[in-house]
Ligand SMILES: Nc1ncnc2c1ncn2[C@@H]1O[C@H](COP(=O)(O)OP(=O)(O)OP(=O)(O)O)[C@@H](O)[C@H]1O
Ligand SMILES: [Mg+2]
């Protein structure tokens, strides 16, 4: 196990470095595809912490994607700020919105909680569709040239010798990569922290957790707000790249929740590498089945059901069970009092000599 | 002043009165034993003291504060640690992590201090070799030991132990009594529910008898065990 984690970090760094260098040799289409994969990964990692670790099975994450996107558009169009600041504002707005939604939905349990989150998202969508300054029900676009003037685009254009639009794509891609790395690192550190241990205790036994001092409502609220922040930032980034927003697209339950649940479940809910595996499988399936139209969705659904029936902990769980290999283990080990001296091989007792 | 005092505490489940006007006090550092037939309301009394179940009437005071309306989290942080009669381990966590959660949250300790505390408790309770075992894989007896160890990890001023000696061999029982005596020696008050009478009477200073939710008697073990009513009800001996 120790051996695994020792090679895992260099391998992970190499993968991130390779991804960061893609704009130097990859086509614009590849960059756009990878952008989609990375942003879906960020959404899936956030939902995984929420549902897989905190037991909060939300189907209303589109509320935070949409709010992040709309707050960013409002900040840019109405406030005239740089879109990069708009992304920060988008995250903050989503986190702020998550507080009243939590106050409402935390009174509900299980399926009712899920429905509560979905209803909340619908209310936010319908409300924002009334916002005439941002195009109401038909939505709006970023002013022409906004993304070219965005901080960082011109240096990238010169560095890579590409068009303004392509440079904006590269910037978005790098931001998505940074966001994915940050989300994974933050998830790992959070789960390894005191709060993460408390969450795992709650997941195992609520009554016992309360009896050793873990406050479930408090920890769940922290996770809910943090994942809304991550989801909101991601939403703002996704719609910055598209440069156009409509209520239906920004608050799509299929795109921002159903697919995200599918990704997490097939990859392995409640495991950190699960969403990474899931998003890769999802992307491959999408490529292979894209020509089949509606049939594609049906096949996707059947695949998801098969995984749920035969591999409860997803593909990553299956892999861990078969091989014993664990990446990003969350175990806390007791401090060693007597460590064996390294370098001295254990004595081998030979019999019969 | 008493560390714990119950004042006319009552609790019913539907028509069944499980705790009936119970009042008693526990002094700091005292060891109180509780006996009574199955279904007498012993575990329920613990649940009322820890806040896992709410009282219908009466007040519970701990360490000078009225805790009657407080959550279990607040009470464990104030210093009431407990074990569950049916062990409730965090099954996916290791034995060591079970204790670490308790030390971090209930005991309010962090870092090296908490880690060392957990290791020490594991050694004291004979779980040292199982520290890294997943607690879901433990046997029932090991789980009961874990209940005791996890309660200790919350650094309680009062620890509530619910039937942790059942099923032990003589040797194991002696070791358990030693552990409980060592908790007592630290100045921690203990309330211990136990059907294994010889284990109980070798440690407790006072004994309480519960029957049908009512406190029948409380006092020195020899005196209590000699009461005709106790002999009849608890031991089934005709007098
Ligand atoms: N949550 C509950 N709801 C309804 N009835 C309950 C509940 N908890 C306990 N009871 C009932 O209350 C009575 C007292 O239960 P309790 O567990 O306190 O007894 P006990 O003295 O601990 O018994 P034992 O020696 O078997 O552990 C029993 O009749 C039990 O069935
Ligand atoms: Mg009981």
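The values are calculated or read from the model by the stated rules, or taken from the named source; none is laboratory data. From a predicted model like this one, the values you see are computed outputs, not experimental measurements. FYI the Cβ positions are ideal-geometry reconstructions off the backbone, even for glycines, and counts take in every protein chain you see.
As a summary of the residue check, residue B:195 satisfies the conditions (1) more than 20 Å from residue B:127 (Cα to Cα); (2) buried (at least 16 other Cβ atoms within 10 Å of the Cβ); (3) touching a residue at least 60 places away in the same chain (Cβ under 8 Å) except for the one numbered (2). Counting only helices (runs of 4 or more DSSP H) wholly contained in the stretch A:157-257, the ones carrying 2 or more residues that are more than 14 Å from chain B (Cβ to nearest Cβ) and surrounded by fewer than 20 Cβ atoms within 10 Å (Cβ to Cβ) occupy A:164-192, A:216-242, A:247-250.
Among the residues of the stretch A:132-156, how many are buried (at least 17 other Cβ atoms within 10 Å of the Cβ) and part of a loop (DSSP other than H, G, I, E, B)?
Of the residues in the stretch A:132-156, the ones buried (at least 17 other Cβ atoms within 10 Å of the Cβ) are A:134-135, A:139-140, A:142, A:146-147, A:150, A:153, A:156.
Among the residues that remain, those that are also part of a loop (DSSP other than H, G, I, E, B) are: A:135, A:139, A:142, A:150.
So the answer is 4.
Residue count for the stretch A:299-325 satisfying the condition of being closer than 22 Å to residue A:41 by Cα and part of a helix (DSSP H, G or I): 17. Of the strands (runs of 3 or more DSSP E) lying entirely inside the stretch B:139-220, those carrying at least 2 residues that are under 13 Å from the mean Cα position of the chain (by Cα), within 16 Å of ligand 1 (Cβ to nearest atom) and within 14 Å of another protein chain (Cβ to nearest Cβ) are B:158-162.
This table checks each residue for (1) closer than 22 Å to residue B:91 by Cβ; (2) more than 22 Å from the chain's Cα centre (by Cα); (3) at pLDDT 85 or above.
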{"position": "A:314", "(1), (2), (3)": "yes, no, yes"}
{"position": "A:324", "(1), (2), (3)": "yes, yes, no"}
{"position": "A:332", "(1), (2), (3)": "yes, yes, yes"}
{"position": "A:347", "(1), (2), (3)": "no, yes, no"}
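When the test is whether a residue is away from ligand 2 (no atom under 14 Å from the Cβ) and either surrounded by fewer than 22 Cβ atoms within 10 Å (Cβ to Cβ) or modelled with pLDDT of 95 or more (or both), residue B:43 does not pass it.
It is to be established whether one or more residues within the stretch B:85-94 are over 15 Å from residue A:205 (Cβ atoms), crowded, with 22+ Cβ neighbours inside 10 Å and either modelled with pLDDT of 95 or more or under 20 Å from the mean Cα position of the chain (by Cα) (or both).
Filtering the stretch B:85-94 down to residues over 15 Å from residue A:205 (Cβ atoms) leaves none.
There is no residue in the stretch B:85-94 that is over 15 Å from residue A:205 (Cβ atoms), crowded, with 22+ Cβ neighbours inside 10 Å and either modelled with pLDDT of 95 or more or under 20 Å from the mean Cα position of the chain (by Cα) (or both).
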